[in-house]
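Okay, structure first, notes after.
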Amino acid sequence: MIDFEPTDEQRAIRETVRRFVDKELLPFEPLLMERDINGLEPHLTDAEERQLREKAKASGLWGVDTPEEYGGADLDWGTQALINMELGRTFIPFTFGGSAQEILYRLNDDQKRRYLVPTIQGEKRFCFMLSEPGVGSDARNIQTTAVRDGDGWVINGEKTWISRGNDADYGVAFCRTRDDSGTYGVTAFLVDRDMGWKSSPVPVMGVRNPATISFQDVRVPDDNRFGEVNAGFDVAMRLIHRNRAVVMPALWAGACERLLEMAIDYAKNRVTWGEPLADRENIRFMIAESEVELRTLKLLTLHAAWVGDTGRDPRHSSCFTKFHGARVANAIVDRVLQIHGGMGYSKELPIERWYRDFRIARIYEGTDEINLLSISRNLLRGYDKVGQVW
Ligand SMILES: Cc1cc2nc3c(=O)[nH]c(=O)nc-3n(C[C@H](O)[C@H](O)[C@H](O)COP(=O)(O)OP(=O)(O)OC[C@H]3O[C@@H](n4cnc5c(N)ncnc54)[C@H](O)[C@@H]3O)c2cc1C
């Protein structure tokens, strides 16, 4: 028998997160929608986020993915996926405190003390600075330069689309340190905002604006070099695979679950020509197709988590889980909006917000096309076998 049962502990954690989402996060949704309608920032304020994190901590929800030596719970990928599926049920982007991005665990001891620990403690905010105005999918072609100068480096160039770049205290910036373009000419640096980089928001379709970041003769000490010179591209790729495998697809699965529940509820109650929408075949087909897609997304996500938890290479499964999740999330929200008619398009319901927010899923952290290229390359070169699940 192949066992799909979560453990008692996983069930208990999932219940705790669901209660937290229902009791603490969902009540904020109408407020955030109202802010959006009134042209205000449609997210939680720093103070609201801090308060919610304190409440979460009191329920034991802190450092869920953080190693025990840093005070965290060090939960496996499967349990993290279950948690993210619950968090995804609200459109409010919220993470429990006590976490730091995976790549920061690869810093040296001194850098961990200065950056990793304050990030876990919520004292410093991080951003990931890879993309540039002329460089996205072909990330290894970056043009921002870091030139050796005495005991440090001088960075010049521009990064763009940087999530959280408007608020971050520091970032990991990927810079060209050799003239030849290619993987090995890139070095990563920890760069504090007060070393001199400037950010400005880029207005986008979704609700949270990324930033353009400019570096003009920004001096960084060599102590802030992240890893070996010319080996920064390996650092960049580390973050992307875990996010693609169990963070984003799980959040989208949670959102789709709630959206489909809304569609079913609406279809049962909305009457046209004397009959509820739920009695119309085309509406039923939309519901059924969405359910099939949602289940495949959940199963792929849990499988990707299992791949990570068993120490297998997560790269192949992370590519198709992210690709499938992004497609499915956009298809389901589109059908759910359609079932709701004009109400789906209005700002009285959260559907239009998810509709806008999901579109980026097919672009960032590897576009659909780049994931397809990776999947086909893995098969054509024999790195992975067709249809192999274990
Ligand atoms: C809201 C948002 C947040 C982001 N956050 C971050 C962040 O925090 N940090 C960061 O570094 N970056 C971030 N990004 C950047 C994101 O990773 C890039 O937008 C993405 O990698 C695509 O790059 P591009 O936009 O330059 O598109 P391009 O690479 O120019 O691609 C344009 C189109 O061509 C396709 N294409 C490109 N090359 C090929 C090919 N060889 N074969 C077939 N099709 C191809 C692409 O799939 C795409 O459809 C963010 C972007 C957005 C919009």
**Request:** Could you give me the percent of Cα pairs per 5 Å distance bin for the range 327-383, shortest bin first, beginning at zero and ending with the bin that holds the maximum distance?
**Result:** 4, 19, 20, 15, 12, 10, 8, 6, 4, 2, 0
**Prompt:** Order of 355-361, 203-209 by packing, highest average Cβ count within 10 Å first?
**Reply:** 355-361, 203-209
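Just to verify a number: FRET efficiency for T272 and R359, C-beta to C-beta distance, R0 = 25 Å, to 0.05? Working shown, then result.
Values: r = 29 Å, r/R0 = 1.16.
Computed FRET efficiency for T272 and R359: 0.30.
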**Prompt:** In bins 20 Å wide, starting from 0, what share of all Cα pairs of the chain does each bin hold, as a percent?
**Reply:** 25, 58, 16, 1
**Message:** Please check: in the Gaussian network model of the chain (C-alpha springs, under 10 Å), which one of E291, E123, E257 has the largest mean-square fluctuation.
**Reply:** E123
**Item:** Ranked order, L82, L40, L190 - accessible area, probe 1.4 Å, largest first
**Value:** L40, L82, L190
**Asked** Taking R0 as 35 Å, what's the FRET efficiency between D109 and K385 from their Cβ-Cβ distance, rounded to 0.05?
**Response** 0.30
**Asked** Given labels modelled 7 Å from the Cα in the Cβ direction, how far is it in nm from L31 to R280?
**Response** 3.7
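Mean residue ellipticity at 222 nm from the helices of the chain, using -39,500 (n - 2.57) per DSSP H segment of n ≥ 4 over the full residue count, to the nearest 500 deg cm²/dmol?
Taking each H run of at least 4 residues, the total per residue is -13500 deg cm²/dmol.
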**Message:** Cut-off 17 Å, label point 7 angstrom out along Cα-to-Cβ of N38: give me the residues of the range 193-217 whose amide nitrogen falls inside.
**Reply:** none
**Asked** Tell me which lysines have Cα within less than 17 Å of K322's Cα, excluding those fewer than 8 residues away on the same chain?
**Response** K298
**Item:** Å³ per residue enclosed by the Cα convex hull of the range 234-380
**Value:** 111
**Item:** Solvent-accessible area per residue, Å², over the chain with all protein chains present [probe radius 1.4 Å]
**Value:** 51
**Message:** Between L372 and V117, what is the label-point separation in nm under the 7 Å Cα-to-beta-carbon projection?
**Reply:** 4.8
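Around N224, under 12 Å between beta carbons, what's the net of Lys plus Arg minus Asp minus Glu among the other residues?
Result for the local shell: -2.
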**Point-to-point label distance, R327-D265, nm (Cα→Cβ direction, 7 Å offset)** = 3.0
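Among 164-175, 244-255, how do they line up from the highest to the lowest mean number of other beta-carbon atoms within 10 Å?
The packing order, highest mean first, is 244-255, 164-175.
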**Message:** Could you put I92, I264 in order of accessible surface area, largest first, with the 1.4 Å probe and the full protein assembly present?
**Reply:** I264, I92
**Asked** What ranking, highest mean first, results for peptides 133-144, 316-327 when packing means the other Cβ atoms within 10 Å averaged over each residue?
**Response** 316-327, 133-144
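Specify whether the C-alpha gyration tensor of the range 184-293 places it in the rounded, prolate or oblate class, a ≥ b ≥ c being the square roots of the eigenvalues: rounded for a/c under 1.5, otherwise prolate if a/b is larger than b/c and oblate if not. Don't jump to the answer; show the numbers that get you there.
Details: a/c = 5.29, a/b = 2.72, b/c = 1.94.
Cα axes put the range 184-293 in the prolate bin.
The values are calculated or read from the model by the stated rules, or taken from the named source; none is laboratory data. Note that this is a predicted model, so its numbers are computed, not measured. As a convention, Cβ positions derive from the backbone with ideal geometry for all residues, glycine included, and neighbour counts pool all protein chains shown. Calculation scope for accessible area: heavy atoms of the full protein, side chains included, ligands and nucleic acids excluded. Shrake-Rupley method; radii C 1.70, N 1.55, O 1.52, S 1.80 Å.
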